[in-house]
Amino acid sequence: MKKIEAIIRPDKTDRVIDCLEEIGVSGLNIKEIKGYGSQKGQTEMYRGVSYRVRLRKKIKVETVVEYTKVDQIVESIKEAVQTGEVGDGKIFVSDVENAIRIRTGEEGTAAL
């Protein structure tokens with residue numbers, strides 16, 4: 001099993017959800033986060049005073065899937081969110097040793 005974590009722009013959340021539903025991803029966790037990357041923040045004005053916003057609002061989408069579906073899911077996420085501009089986000093893929101469904105005691109891919 002693999003865990004896929006995608007850090008994306010907030011306005012792309014619905015597109016990612018739709019794409020993942022279309023290819024059969026049955027469970028997601030979505031969190032609102034703030035982060036600092038190559039965008040380096042931005043300068044904004046408030047009542048005539050400029051200030052620097054370093055942390056940008058992002059969305060973190062997490063799912064655990066069978067390893068055979070990873071490439072399809074990663075490609076789907078990339079197609080849904082890519083604009084070609086700085087700040088499109090990142091995707092991380094890592095191993096998951098086991099998954100356990102608490103209600104039934106199922107383990108491994110059966111618990112997904």
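Less than 5 angstrom separates the built amide H of I33 from those of K58, I59, K60, all sequence-distant by 5 or more or on a different chain.
What is the magnitude of the charge dipole of the chain about its Cα centre, with +1 placed on the Cβ of each Lys and Arg, -1 on the Cβ of each Asp and Glu, and no other charges, expressed in debye to the nearest 20? All intermediate terms of the calculation are to be shown ahead of the outcome.
Working: 20 positive and 19 negative charges, 184 e Å.
Value, rounded to 20: 880 debye.
For the chain, the equivalent ellipsoid built from the Cα gyration tensor has semi-axes of 33, 15, 12 Å, listed from largest to smallest.
Could you grab the relative contact order for the chain? Cα pairs under 8 Å, six or more apart, rounded to a whole percent. Please list the in-between numbers first.
Details: 181 pairs, mean separation 47.8, N = 112.
Contact order relative to length: 43 percent.
Taking the mean number of other Cβ atoms within 10 Å as a proxy for protection, how do you rank 79-89, 26-36 from highest to lowest?
79-89, 26-36
Any chance you could run the full-extension gain for I30 through T13? It's 0.36 nm times the residue separation minus the Cα-Cα distance, nm to one decimal. Taking I30 through T13 to full extension adds about 5.2 nm, to one decimal. The angle between the Cα long axis of helix 13-22 and the longest principal axis of the Cα atoms of the chain comes to about 20 degrees, rounded to the nearest 10. Nearest 10 degrees, 0 to 90: what angle lies between the long axis of helix 70-81 and the longest principal axis of the chain (Cα atoms)? Compared with the principal axis, the helix lies near 30 degrees. Charge tally for I59 (other residues, Cβ to Cβ under 13 Å; Lys, Arg +1; Asp, Glu -1): +4. In terms of distances greater than 19 angstrom between alpha carbons, the cross-link table entries K2/K57; K2/K60; K12/K78 yield K2/K57.
Read-outs throughout are calculated quantities, based only on the coordinates presented, and are distinct from any laboratory measurement. This structure is a prediction, so every number in the text was calculated from the model and none was measured. Heads up, the Cβs are rebuilt from the backbone with ideal geometry, glycines too, and the neighbour counts pull from every protein chain shown.
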